[in-house]
Structure formats: structure tokens, C-alpha cells
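The values are calculated or read from the model by the stated rules, or taken from the named source; none is laboratory data. Quick caveat: nothing in here was measured; it's all calculated off a predicted structure. Quick reminder, even Gly has a Cβ in these numbers, built from the backbone with ideal geometry, and neighbours come from all protein chains shown.
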Amino acid sequence: MMNFEFKLIFCGGLFAGKSSLIARMLGYDPFLQHVFQGEVCQIQSFSLPFGQIRLLMFDGPAHILPKTNEHIQRNFFIKSSGAFFLFDLTNQESIEELIWWNEKLQQYVPTKVEKFLIATKADLIENEITLSKRIFETNKELETNNIIITSSKTGLNIDLALNAMVYSILKNQDIKI
Ligand SMILES: Nc1nc2c(ncn2[C@@H]2O[C@H](COP(=O)(O)OP(=O)(O)O)[C@@H](O)[C@H]2O)c(=O)[nH]1
Ligand SMILES: [Mg+2]
């Protein structure tokens with residue numbers, strides 16, 4: 001059996017939807033159940049035919065991280081295999097916050113990190129979802145694999161986002177599944 005452990009970080013400004021997304025990815029409904037506020041790391045395990053994958057999910061402490069010292073910032077980013085970059089569809093300017101998270105990620109992680117841009121709160125958009133030009137420009141700058149439109153309220157594309165991340169990491173590390 002082969003066992004793997006990967007660190008995933010959830011990046012984005014305050015209220016982008018990080019904690020709700022993590023709760024959903026762990027199989028909870030954050031709108032019915034308590035969201036673990038202040039928990040640094042949540043663990044999700046998957047069983048695959050060849051063994052186990054453990055995901056260590058780190059919730060970006062947006063309220064303190066940009067103001068804290070290099071040591072604490074480094075601890076958050078270091079050794080991550082995957083990064084979810086979140087912005088809020090009801091506030092598309094929230095994408096600007098991601099520039100900082102990406103700079104720090106590049107500073108502290110020299111190896112390749114699998115990245116996805118996660119548009120959150122799709123359930124709050126009544127009409128057709130349109131992404132601004134700035135979203136596509138920033139996505140290009142962040143060099144993500146893809147943009148995924150999600151809702152932690154309805155569960156839209158949550159499994160898809162997590163599966164895409166795990167698959168990309170395994171592929172990047174040349175692990176055949
Ligand atoms: N309607 C809706 N609200 C959401 C969604 N995701 C998060 N929220 C709400 O947005 C606010 C911020 O979410 P939270 O996960 O705490 O963001 P964080 O600061 O990035 O951890 C909370 O009031 C959540 O209930 C979503 O998919 N749909
Ligand atoms: Mg939070």
C-alpha cells in the first residue's frame with residue numbers, strides 16, 4: 001500500500017468563503033453545522049485502490065496573516081502541494097487580494113504548486129454568471145490550472161474542485177492512479 005499526505009492551503013481575503021469551502025470539502029454543510037472557526041488545519045482522508053491519501057487543509061488566517069511576521073507567514077505557506085485561491089462572486093474586486101497570497105506562496109515554496117481559482121457564492125448570483133476581464137487577467141497571472149465556480153451553500157462543484165486538485169497533485173508528482 002502507498003500512503004500520501006499533501007498540504008493544501010486556502011488563500012483569499014476575509015469573507016471570501018475559505019472556512020465554508022473547507023467545511024464542505026470535509027463533508028459538512030456549513031449552513032447547518034458549526035464551522036470550525038480558528039482551527040488551523042483540518043484533515044480529510046481518501047481511500048484509493050493503491051492506498052490512502054491524507055489532505056491537510058490549512059485555512060488562511062486572512063485577518064492576521066498579512067500583518068504578522070515572516071516566520072508565521074512562512075509556516076502557513078511552506079511545503080504546500082496545492083493552493084485554492086478564492087474570490088467572492090458577489091464582490092469581484094476581492095480577486096485583488098490574491099496577488100499578495102500568490103507572491104508569498106512563490107516566496108516560500110520553490111517547488112510546483114497546483115493552483116485553482118475558486119469563485120465562491122454562486123448561489124447568490126441570480127442572473128447568468130459573468131466574470132470580469134480582471135478575473136481572467138489575474139487568473140493568468142496566478143497561473144492556475146482552472147477557474148471553478150462553486151457554492152458552499154448548494155454544494156455546487158465542491159467535489160469537482162477537490163478531485164481536480166488531488167488529481168493534479170498526483171499527476172504533478174508522477175504518481176499513477
Ligand atoms: N450564500 C452563500 N454564502 C456563503 C458561501 N460561502 C460563504 N458564505 C458566507 O460568506 C461569509 C464568509 O464566509 P467564510 O467561509 O466565513 O469566509 P472566510 O472569511 O473566507 O473564511 C459567511 O457569512 C458565509 O456564510 C456560499 O457559497 N453561499
Ligand atoms: Mg474563515
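Of all residues being small (Gly, Ala, Ser) and within 14 Å of ligand 2 (Cβ to nearest atom) in the stretch 9-33, which is farthest from ILE135 (Cα to Cα)? Just the residue, please. Looking at residues that are small (Gly, Ala, Ser) and within 14 Å of ligand 2 (Cβ to nearest atom), I get ALA23.
This table checks each residue for (1) touching a strand residue (DSSP E or B) at 6+ places or on another chain (Cβ under 6 Å); (2) surrounded by fewer than 16 Cβ atoms within 10 Å (Cβ to Cβ); (3) modelled with pLDDT of 95 or more.
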residue: LEU65; (1), (2), (3): no, no, no
residue: ILE78; (1), (2), (3): no, yes, yes
residue: ALA83; (1), (2), (3): yes, no, yes
residue: LEU89; (1), (2), (3): yes, no, yes
residue: GLU97; (1), (2), (3): no, no, yes
residue: LYS104; (1), (2), (3): no, no, yes
residue: GLN107; (1), (2), (3): no, yes, yes
residue: LEU117; (1), (2), (3): yes, no, yes
residue: THR120; (1), (2), (3): yes, no, yes
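On the stretch given as the stretch 1-24, residues that are free of Cβ contacts under 8 Å to residues at least 60 places away in the same chain, under 11 Å from the mean Cα position of the chain (by Cα) and surrounded by fewer than 24 Cβ atoms within 10 Å (Cβ to Cβ) total 1. Per the listing ASN145, ASN163, ASN102, ASN75, the residue uniquely within 13 Å of the chain's Cα centre (by Cα), away from ligand 1 (no atom under 14 Å from the Cβ), at negative phi and free of Cβ contacts under 8 Å to residues at least 12 places away in the same chain is ASN163.
PHE36 meets each of the listed conditions (1) within 10 Å of ligand 2 (Cβ to nearest atom); (2) under 22 Å from ILE149 (Cβ atoms); (3) not β-branched (Val, Ile, Thr) apart from (2). Filtering the stretch 128-177 to residues that are modelled with pLDDT of 95 or more, basic (Lys, Arg) and not in a helix (DSSP H, G or I) leaves only LYS153.
Contact map, the stretch 55-72: first residue within 13 Å of ligand 1 (Cβ to nearest atom), second residue in a helix (DSSP H, G or I) and hydroxyl-bearing (Ser, Thr, Tyr), Cβ cut-off under 6 Å, separation 6 or more or different chains; pairs are ASP59/SER19. Against the definition (touching a residue at least 40 places away in the same chain (Cβ under 8 Å) and within 16 Å of ligand 1 (Cβ to nearest atom)), how does GLU114 come out, yes or no? So GLU114 fails the test.
Consider the stretch 25-52 and keep the residues that are modelled with pLDDT of 80 or more and within 8 Å of ligand 1 (Cβ to nearest atom). The one that is nearest to the chain's Cα centre (by Cα) is PRO30.
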